[in-house]
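Since the structure comes first, as structure tokens, the remarks are kept for the end.
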Amino acid sequence: MTDIQILPIFDQSAPGVWDNMLRIRVATMKHNYGVVMSPLDISQAYTDYANAWQTNIKNFAFAAYDDTKMIASIHGDCEDRVISMRHLYVLPEYQHMGLGRRLMSAMENACAFDADMIELVALYSATPFYKCIGYTSPTHDNYLVKDISLYNGAQVSPLFWTNASTSIHCASISRRHHGRFDSANITQHHLPTYVYRASDGMITGVAGPDDKSVYADSSYIAKYLSRALTQFTAHQIKTQQTNHR
């Protein structure tokens, strides 16, 4: 087993993404809950993934990879500054390794720029896990929420979509370095893009969709952005090579 990477999925409609998510979901439901998904269930789940992707541009997804094999995933969307986490599944043989926590953390950090709260409906047996990582149940059932309005910590985050404030800051940084930030193109075509947010939540660097488009006001910020973009790109290339063998 190689080092497991948590990476964003910028384009969920790319070939194989939903198939892999469903493979993990089917295995997890059977192992954890004794639920066998029928072909009709699987077909409907695939349709639900596609419909959610097509009807809401504010979609996000992350996956955990063991080399090029997807072994866990999380996805959801944002509306009115509320993140709805739809699904989190980890292959049975990779459970109890902290991947669920890592995926939840990646989601929270990436979505904090455009949301104040995360909500989810958990299977009852999974409720203790979510409560352990800071989620509470205002209605005392399996509906859980977490306040993420108080941003904490500087970091590099994937940018799945843009809003007015983000576009202004990213465009300003890009112009200072004689570059261009195409907000509409990034949101509509899901181009791999990363931003660096300082400890106060302010965006101070932007990178993507290639290593020639890294704009930051300091070299160490540019280094972190380049590293994230390079890691993502290298994994994509390796995955494509593996799939074509």
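The values are calculated or read from the model by the stated rules, or taken from the named source; none is laboratory data. Please read all numbers here as calculations on a predicted model, not as lab measurements. Positions of Cβ are generated from backbone atoms using ideal geometry, with glycine treated the same way; all protein chains shown enter the neighbour counts. Areas reflect the complete protein model, heavy atoms only, side chains present, ligands, DNA and RNA absent. Shrake-Rupley method; radii C 1.70, N 1.55, O 1.52, S 1.80 Å.
Numbers for the structure displayed
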quantity	calculated
Of 77, 182, 147, the one that fluctuates the most in a GNM where the chain has Cα springs shorter than 10 Å	182
Coarse-grained scattering of region 62-183 at q = 0.23 Å⁻¹, given as base-10 log I(q)/I(0) from a Debye sum over alpha-carbon atoms	-1.38
Ratio Rg/Rh [Cα only; Rh per Kirkwood] for region 1-125	0.94
Solvent-accessible area per residue, Å², over the chain with all protein chains present [probe radius 1.4 Å]	51
Point-to-point label distance, residue 140-residue 242, nm (Cα→Cβ direction, 7 Å offset)	4.7
At R0 = 22 Å, FRET efficiency that the Cβ-Cβ distance of residue 82 and residue 48 yields, to 0.05	0.70
Simple spin-label estimate for residue 230 and residue 13 in nanometres, 7 Å along Cα-Cβ	3.2
Accessible carbon and sulfur surface of the chain relative to its total accessible area, %, 1.4 Å	53
Descending semi-axes in Å of region 121-200, equivalent ellipsoid built from Cα gyration tensor	35, 15, 10
Rg/Rg_ref, region 139-183, where Rg_ref = 2.2 N^0.38 Å and atoms are Cα	1.73
Label zone at residue 93, where the point sits 7 Å out along the Cα-to-Cβ direction: region 1-25 residues whose backbone N lies under 14 Å	1-2, 24
Pairwise Cα inverse-distance average, inverted: Kirkwood Rh of region 102-167 (Å)	13.1
Rule-of-thumb Rg ratio for the chain [Cα; 2.2 N^0.38 Å; N residues]	1.02
Mean residue ellipticity (222 nm) of the chain, computed from DSSP H runs ≥ 4 via -39,500 (n - 2.57), nearest 500	-13000 deg cm²/dmol
Given charges at beta-carbon only (K, R positive; D, E negative), |dipole| of region 34-94 in Debye	120
Separation between Cα centres of region 96-145 and region 197-211, rounded to whole Å	25
